[in-house]
Each structure stands twice: as structure tokens, then as C-alpha cells.
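**Q** After the C-alpha cells below, expect a handful of questions from me.
The values are calculated or read from the model by the stated rules, or taken from the named source; none is laboratory data. From a predicted model like this one, the values you see are computed outputs, not experimental measurements. Heads up, the Cβs are rebuilt from the backbone with ideal geometry, glycines too, and the neighbour counts pull from every protein chain shown.
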Amino acid sequence: MNPYRPHSPRRPLISTWAVLLLVVAGLWWYSHPSDRVTRDPEAEPKPVVARGDLAADEQNTIDLFQLASPSVAYITSIEVRRSLFSLNVYEIPQGTGSGFVWDKDGHIVTNFHVIGGASRLEVTLADHSTWEGVLVGAAPDKDLAVLRIKAPDGQLKPIVVGDSANLQVGQKVFAIGNPFGLDQTITSGIVSALGREIKADNGRTIQGVIQTDAAINPGNSGGPLLDSAGRLIGVNTAIYSPSGASSGIGFAVPVASVNQVVPELIKHGRLIRPGIGVSVANESIMKRLGLAGVLVMEVQPGGAAAKAGLRGTRRLPGGVVLGDIIESVDGLPVASLDDMLTIFDKHKVLEEVELGIRRDEQRLGIRVILQEVG
């Protein structure tokens, strides 16, 4: 065996200092790009080219905003709480929304869900003046409410009221409000559909609702939906969105309903509604009994139903005798209390309706003169 082994050829080694120098040089080169570009000491701003007149639709939107935006208000609902430790009272902003000036008396229209549960309300006008808002009246079934502020009439610009009866799918609409607290924001779109139905917070159905793709986000609620002439055609109320932000499907209560409800709230503080003076069974009870329609539980003494001879549910020694079950109103089928009240809302107090009822195994028609109910 050869005691000598051949040596492996030696590889040249780069010193650590050389590597560091290369890294530093590279970093310097990349961090000083200005040393690799050519400067032009004679560079000047480019000349501005006049754009000419605005397009007609652009000018219309500008004019519309200038006309309607002074009528739009920013509403903050404030909750008053008491500290558990110091017993001091402090205020917490609960939410924000929009509204608009209804008249020179300082009435502000908004959504009920914007102000519901608030301990105090602040209304900020377009001129950035802030006023305490006092609740005048509310119609939760319609998701509408009226506040009042003590601003001078010179600072109040009532909105121009339009018509929602002649709206057409495809016509332009505009929303002005305060999405995410960004006041005086305008968005545009079209009427996407008419005659939609949505649910109010209390479960009642709001009918005849306008659907629009104008961007409506949290904070827009209670603000106006306008036609291309800047007239009020609806009150922005809800959006359909899993994320809670605008997804191109917004809803507005039509101005025809607003113009009917708001004067009632200003006069009476509540919506004067037609009814028959009964209390009815919960829908869950009807489902358990396997019944369809509206089961009368109690009849108000001296009320419209009592005068017409309707019977309520009675407890007898032998058991419970169910009251009359209302199955239709004026020939229209009634599957729930909401259905019945929706039909009543199309009438006025003292108008007569015909109820189709089931009593025991008989079906009867009973005429009832509608009375005022709360």
C-alpha cells in the first residue's frame, strides 16, 4: 500500500472582506438609482389643454347636487350610559344615518331604524351647523320617522317632492347621504325594479319599494333618492348585501308612501291606521293547530269587529272554542296578520270591507266598517 496519497488540488478562496465589499457595492448601486439616470434641467410643466363645456349629463348631475344637497342632513344617534364604577354618565355614538329637511318648521325625515333606541339625537345640516333633534313621531311599520330641530328657517331648505307613481325601470336616480360618515356624498344609478317588498325591523312588509343600483351603504339610510330633476322619489332604506356594503341592490320607500305618512306623524305623532279592533293569535299557534288565516282571540268591546258580530276565542267548561278565522278581505286571501294589515292600509278609516271568515265549519261573509287603531 502506498503510504502517500495524492493531494487534492487547492481551490482559490475569496476572502470574507471581498464578499462584504461586493455586497456593500451592490446595495449602494441599487439604493442610488438617481446616479444612473440622465437629468434634464430644462424640464417644464406640460401645457394645460382646455376641456371645453361639460357634457349635458355631467352638468345635470352638478346642478342636481347643488339643488338638493342643502336639504340633506347628517344624523347621529347617541346612547347615554352610566359607568358601573364611578356612576358618571357618558355618551356613546350609537350610529349614523341620513335625513332631509321636510319644511321650514324644522321637520327632518329619516328612517325609524336610524333613530330607534337612541337616547339623544344630533342633526347636522349641510352648512355644518349641528342641532339637537327631538322625535316628533315614528311609523316603524313603514320604517319612517320625523324629527324636529330649532334651526332658523333661513338655514332650512326643504326638499322638492316628486312622484313615484310614474317611475320607469331604467330611468336615472341619484342618492345623497352620509355613507360611512362621509357627509354630502352623491351616487348615481338607475331604477332597477319597482314594486318590491322588504321587511321592516318589526317584521311588517313594506310594499311598493323601489329597487336601485345606485350605491347605498351604511349611513345612507334615511337619505333621499332623487330623480334626474332633483325631486324626492324615495327614502333610501335598506341594501341587500351579505357583507353589509353596497352590492348594487338598494331599496327605497316610495315618496307616495312618505308623503302620506309624514303629515300624519307631524299631526298625531303616530300613523293613524284603519283596523277592526281585535287581537289575534300568534302565527306559531296557527301552525301548531294546522290552521291558515288569522285567528281572532279577543274582540274589543264596542269596536268595529264587535259591532259586526265577530267572535273571539272563548274558554268554556268543556274546553276552548276557537274564535272566527279571517281567511280573506275583500276577496283577497289572507294567510297572516301582515297580509290582513297590508290590505287594511289600502283603505281609510270609516271605509267598509268584507271579511271572509270561517266559524266552526261554516264560511261566512261579514261587512265591517274600519275604525281608527294605534
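**Q** From the list Ala305, Ala238, exactly one residue is surrounded by 15 or more Cβ atoms within 10 Å (Cβ to Cβ) and more than 30 Å from Leu355 (Cα to Cα). Which is it?
**A** Ala238
**Q** While we're looking at this one, here's another question. Considering every residue within region 7-28, establish whether at least one is at pLDDT 85 or above and more than 30 Å from Lys172 (Cα to Cα). Let's see the steps before the verdict.
**A** From region 7-28, those at pLDDT 85 or above are none; that's our starting set.
No, region 7-28 contains no residue that is at pLDDT 85 or above and more than 30 Å from Lys172 (Cα to Cα).
**Q** Go through (1) surrounded by fewer than 18 Cβ atoms within 10 Å (Cβ to Cβ); (2) of a type in the set (A, V, I, L, M, F, W, C); (3) under 25 Å from Met340 (Cβ atoms); (4) touching a Pro at 6+ places or on another chain (Cβ under 9 Å) and name the single condition Ile198 misses.
**A** (4)
**Q** Can you find, within region 163-174, the residue that is farthest from Asn217 (Cα to Cα) among those that are surrounded by 15 or more Cβ atoms within 10 Å (Cβ to Cβ) and at pLDDT 95 or above?
**A** Result: Lys172.
**Q** Next up: Any idea which residue in region 114-135 is modelled with the lowest pLDDT, counting only those that are surrounded by fewer than 22 Cβ atoms within 10 Å (Cβ to Cβ) and within 27 Å of Thr342 (Cα to Cα)?
**A** Checked region 114-135; the qualifying residue modelled with the lowest pLDDT is Gly117.
**Q** Hey, another quick one. Can you find even one residue in region 281-296 that is out of contact with any strand residue (DSSP E or B) (no Cβ under 6 Å at 6 or more places or on another chain) and closer than 30 Å to Trp102 by Cα?
**A** For region 281-296, residues out of contact with any strand residue (DSSP E or B) (no Cβ under 6 Å at 6 or more places or on another chain) and closer than 30 Å to Trp102 by Cα: absent.
**Q** Still on this structure, please answer the following. If we scan region 351-374, do we find a residue that is closer than 21 Å to Glu197 by Cβ and either assigned by TED's automatic domain parsing to the domain that holds Ile206 or under 38 Å from the mean Cα position of the chain (by Cα) (or both)?
**A** No, region 351-374 contains no residue that is closer than 21 Å to Glu197 by Cβ and either assigned by TED's automatic domain parsing to the domain that holds Ile206 or under 38 Å from the mean Cα position of the chain (by Cα) (or both).
**Q** Ok, one more. Any idea how many residues of region 183-195 are among the aliphatic types (A, V, I, L, M) and buried (at least 18 other Cβ atoms within 10 Å of the Cβ)?
**A** First pass over region 183-195, keeping only residues among the aliphatic types (A, V, I, L, M): 186, 190-191, 193-194.
If we keep only those that are buried (at least 18 other Cβ atoms within 10 Å of the Cβ) too, we end up with 186, 191.
Residues in region 183-195 being among the aliphatic types (A, V, I, L, M) and buried (at least 18 other Cβ atoms within 10 Å of the Cβ): 2 in total.
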